[in-house]
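For reference, the structure discussed in these notes is given below.
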Amino acid sequence: MSWTESLGRIAAQLTSHRPSLYPTEELDDLADLKISRLSTDGFEGERRSFALAVKAGLHLFNESLDHSHNLSQDIHTPEGSYWHAIMHRMEGDYPNADYWFRMAGGHPAHQEWSDRIRERLAAFVWDDIGNPSFRAAFEQWSADGRFEPAGFNRLIEMQVTRTRNERVEQLLIELQWEEMRALLQHCYALSGGGGDLFEPR
């Protein structure tokens, strides 16, 4: 089975799942094994680094932080840094995540994610949250429309460590999912994958 076919099956299984802001265990041990077995033998140069970044991202969709980290820490590209940052954010090491977000720089996937955030916020109702301090922090982050990943990191830290509001949690999980989808699609396309990884197969 080709890389694209194998990857498509794994992606179909995992990418509809919304990973937790703070995962405590893998979603599916078998999925981890399938991702690990995805061979990158036919890839060279930059395409290989993008293929490895796809695997690092899939492990995060499976909430498998250690497996993702083992890959991303050896991918010396903005994509590797971005997955590395998300992994540290998910494990609750927010200062380390900040460092890796800076290393990733202004990533091309960020524009797609920003567009998705605007769509989500257009339909979001704040009235029943009842947490003015979080809302103020969120509005400050989103005011300029740039939606910086480091600022999103701080919002998640605020929710996980202090706010703990169920409605806020669901909003942030959705925004994180959109971020991960945008980055995974970017890595997939540059690994040589054709089309949309998230289209039903």
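Of all alpha-carbon pairs in region 64-153, indicate the percentage at a distance above 15 angstrom. Beyond 15 Å sits 64 percent of the P(r) for region 64-153.
Sorting the segments 186-192, 56-62, 85-91, 139-145 by their mean number of nearby beta carbons within 10 angstrom, highest to lowest, gives 56-62, 85-91, 186-192, 139-145. What the Cβ-Cβ distance of ASP74 and SER2 gives, at R0 = 22 Å and to the nearest 0.05, is a FRET efficiency of 0.35. This model, with +1 at the C-beta of Lys and Arg and -1 at the C-beta of Asp and Glu, gives the chain a dipole about its Cα centre of some 200 debye. Restricting the calculation to Cα atoms, region 8-108 shows an Rg/Rh of 0.95 when the hydrodynamic-style radius is the Kirkwood one.
Determine, from the Cβ-Cβ distance of GLU26 and ARG167 and an R0 of 22 Å, the FRET efficiency 1/(1 + (r/R0)^6), rounded to the nearest 0.05. The computed FRET efficiency comes out at 0.25. Rolling a 1.4 Å probe over the heavy atoms of the protein chains gives region 1-103 an accessible area of 47 Å² per residue.
Which percent of the accessible area of region 62-201 is formed by carbon and sulfur heavy atoms (probe 1.4 angstrom)? That fraction is 48 percent. Computed over the chain, the alpha-carbon pair-distance distribution with 10 angstrom bins reads 9, 37, 36, 15, 3, 0, each value a whole percent.
The values are calculated or read from the model by the stated rules, or taken from the named source; none is laboratory data. Worth saying up front: this structure is predicted, and the values here are computed from it rather than measured. Methodologically, a virtual Cβ is constructed for each residue, glycine included, from the backbone with ideal geometry; neighbour enumeration extends over all protein chains shown. Calculation scope for accessible area: heavy atoms of the full protein, side chains included, ligands and nucleic acids excluded. Shrake-Rupley method; radii C 1.70, N 1.55, O 1.52, S 1.80 Å.
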